Amino acid sequence: MFDVALAEAGAQVPIATSSDENFPPENIIDGKSETFWATTGLFPQEFIITFTALMSLEQIKINCYQVKGLAMERSIENEPVNFEPMCEKELCPSDASLQMEEFSGENSSAKHLKFVIKSGYDHFVSVHKVCVNGMASRE
Amino acid sequence: MPVTLRAKCLIVGDSAVGKSALTQVFHSDGAHFPKGYSMTVGVELCVKNISIPDTNDTVELYIYDTAGKETYSDYAQQAWEHPSVMMVVMDVTNENSFMACNRWVERVKAKAGQHIPGVFVANKTDLEGRRVVERNKAEEFAKGKGLEYFECSAKEQNNTDAPFYYLANAYYKLYQERVEVMKTIAS
Ligand SMILES: Nc1nc2c(ncn2[C@@H]2O[C@H](COP(=O)(O)OP(=O)(O)O)[C@@H](O)[C@H]2O)c(=O)[nH]1
Ligand SMILES: [Mg+2]
C-alpha cells in the first residue's frame, strides 16, 4: 500500500478552480502539510487528482482549513470525465488547527478523484495535503 | 501570473433608491445611466473586473442588484446566499429609505454568517434642495454597523465607482490576511 496521490509517485492535479501561483494546486500532492492550495473566493471549488493508473482505493485523508461541505467523486476513465459520487460530508470547524478527515475508499477503483468543496467557514479555504492509500488495480 | 479573486457583491436597499442606476453606471464605465425607472424583478447579475492598485491582481465582482422587496423565486433566494461583500443604498431625499437600512444590513449579515466588508451609500446627492437625511446621521449609522460611508449621485456619475473600489480592495486585503493565517496554522 502506497500514497498514490504524491507527485513523486506520478500523481497530478490537472484541474483546479482557483489559482494563485503562490499557492498552486500542486501543493496538495507534494507530501507536505505546510504548503497548500488556497481558494480565491466563492464556492463551489474543485480540484482533481489523477493517478498514474487505475487504483484500488483503501483510504483517503485530507488536511485542510475552513472547509465545510466536502464531496468526493471518482472516475475510472482515462480522461477526467464521467465522475460518480463517492461520499459527502460536513466537516467540523477548527479555527486554530488544520482539519484532518479520513474517508474509506472501500476498495473502489479510480483513475481520477474529484474533490468538491461546496462551502466554507470563511471566504477562503485551503487544502494542504491529500493522501490516498491504494495500489494499482488488478483489473 | 496575477491572481484573480472572485467576490459576490450584494446590493440592497429600498425600492427606487438607485441600486440599479449605481450598478449600471459602474458596469458601463459611466456610459449608461438608466433614464426611465424600470423595476428590478428578483435579481440582476453583472460582472466587473477591478484592478488592485500597485499589483497585477484583480477582483472579479459578481454584482447582484436585488429588488427592494422580499422575493421568493429560487434564483432570487440563491442570490442572497453567501455574499462576500455588501452595499447598502439609501436615497438622501427619502427618510424611510434610511430608516430601512438597519433591517437590510442585518438581513445580509444573517445570510453571510461571518464578517463581510460593507459600504453604506447615500445616493442622489444631486437633489440638494430635497435632501432630508443629514450627512452626520448617515455617517454615524455606517460607523455603528462597521460600514464605510460614501455619498454619490448615480445621475451625475459623481463618486459612483468609489464604493465598488473600496469593496474590492477590502476583499483583497481579507484574502491576504487569511492566507497569512493559513501559513501560520500549517507551520
Ligand atoms: N436625481 C437622481 N435620480 C436617481 C439617481 N439614481 C437613480 N435615480 C432615479 O431613481 C429612480 C430609481 O432608480 P433605480 O436605480 O431603478 O432604483 P432601485 O429600485 O434601487 O434599483 C429612477 O427613476 C432613477 O432614474 C440619482 O443619483 N439622482
Ligand atoms: Mg433596481
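May I ask you to list the residues in the stretch A:69-115 that are away from every other protein chain (no Cβ under 14 Å), surrounded by fewer than 19 Cβ atoms within 10 Å (Cβ to Cβ) and among the aliphatic types (A, V, I, L, M)?
Of everything in the stretch A:69-115, those that are away from every other protein chain (no Cβ under 14 Å), surrounded by fewer than 19 Cβ atoms within 10 Å (Cβ to Cβ) and among the aliphatic types (A, V, I, L, M) turn out to be A:A71, A:I76, A:V81.
Report, by residue number, each residue of the stretch A:121-139 that is over 14 Å from A:I62 (Cβ atoms) and either in a strand (DSSP E or B) or within 14 Å of chain B (Cβ to nearest Cβ) (or both).
Just the residues of the stretch A:121-139 that are over 14 Å from A:I62 (Cβ atoms), to begin with: A:121-124, A:134-139.
Correct list: A:Y121, A:D122, A:H123, A:F124, A:G134, A:M135, A:A136.
Taking B:V108 as the residue in question, decide whether it is open to solvent by less than 30 Å² (accessible area, probe 1.4 Å), away from every other protein chain (no Cβ under 14 Å), not small (G, A, S) and not in a strand (DSSP E or B).
Considered against the rule, which asks whether it is open to solvent by less than 30 Å² (accessible area, probe 1.4 Å), away from every other protein chain (no Cβ under 14 Å), not small (G, A, S) and not in a strand (DSSP E or B), B:V108 comes out as yes.
Starting from residues that are within 8 Å of chain B (Cβ to nearest Cβ) and polar (S, T, N, Q), keep the ones in the stretch A:23-44 and report whichever is farthest from B:I116 (Cα to Cα).
Going through the qualifying residues, I end up with A:S33.
Could you please find all residues in the stretch B:80-94 being open to solvent by less than 80 Å² (accessible area, probe 1.4 Å) and either assigned to a loop (DSSP other than H, G, I, E, B) or farther than 22 Å from A:Q66 by Cα (or both)?
Hits for the stretch B:80-94 are B:W80, B:E81, B:P83, B:S84, B:M87, B:V88, B:V89, B:M90, B:D91, B:V92, B:T93, B:N94.
Step by step: first the residues of the stretch B:153-178, then only those that are acidic (D, E) and within 14 Å of ligand 1 (Cβ to nearest atom), then the one that is nearest to B:Q114 (Cα to Cα). Which residue is that?
B:D161
Kindly list, by first and then second residue, each pair from a residue in the stretch B:158-187 that is at positive phi and away from every other protein chain (no Cβ under 14 Å) to a residue that is not in a helix (DSSP H, G or I) and not small (G, A, S), limited to pairs with Cβ atoms under 8 Å and residues at least 6 apart or on different chains.
Sorted first by the residue in the stretch B:158-187, then by its partner, the pairs are B:N159/B:F150; B:N159/B:E151; B:N159/B:C152.
Among the residues of the stretch A:41-71, what is the count of those that are closer than 10 Å to A:S119 by Cβ, in contact with a Leu (Cβ under 9 Å, 6 or more places away or on another chain) and assigned to a strand (DSSP E or B)?
Summing the residues that are closer than 10 Å to A:S119 by Cβ, in contact with a Leu (Cβ under 9 Å, 6 or more places away or on another chain) and assigned to a strand (DSSP E or B) in the stretch A:41-71 gives 3.
Of (1) open to solvent by less than 70 Å² (accessible area, probe 1.4 Å); (2) charged (D, E, K, R); (3) more than 25 Å from B:A112 (Cβ to Cβ), A:E34 satisfies all except one. Which?
Status for A:E34: all satisfied but (1).
Filter the stretch B:140-176 down to residues that are acidic (D, E) and loosely packed, with under 15 Cβ neighbours inside 10 Å, then give me how many there are.
Keep residues of the stretch B:140-176 that are acidic (D, E), which gives B:140, B:148, B:151, B:156, B:161.
Subset that is loosely packed, with under 15 Cβ neighbours inside 10 Å: B:140, B:156.
Of the residues in that region, 2 qualify.
When you scan the stretch A:45-54, do you find a residue that is open to solvent by 50 Å² or more (accessible area, probe 1.4 Å), facing chain B (nearest Cβ under 10 Å) and within 15 Å of the chain's Cα centre (by Cα), even just one?
Scanning the stretch A:45-54 turns up no residue that is open to solvent by 50 Å² or more (accessible area, probe 1.4 Å), facing chain B (nearest Cβ under 10 Å) and within 15 Å of the chain's Cα centre (by Cα).
Which ones in the stretch B:38-79 are in a strand (DSSP E or B), within 12 Å of ligand 2 (Cβ to nearest atom) and at pLDDT below 90?
Across the stretch B:38-79, the qualifying residues are B:V43, B:E44, B:T66.
The values are calculated or read from the model by the stated rules, or taken from the named source; none is laboratory data. Note that this is a predicted model, so its numbers are computed, not measured. Cβ sites come from the backbone with ideal geometry, for glycine too, and all protein chains shown count toward neighbours. When the accessible area is computed, the model is the full protein with side chains, heavy atoms only, and any ligands, DNA or RNA have been set aside. Shrake-Rupley method; radii C 1.70, N 1.55, O 1.52, S 1.80 Å.
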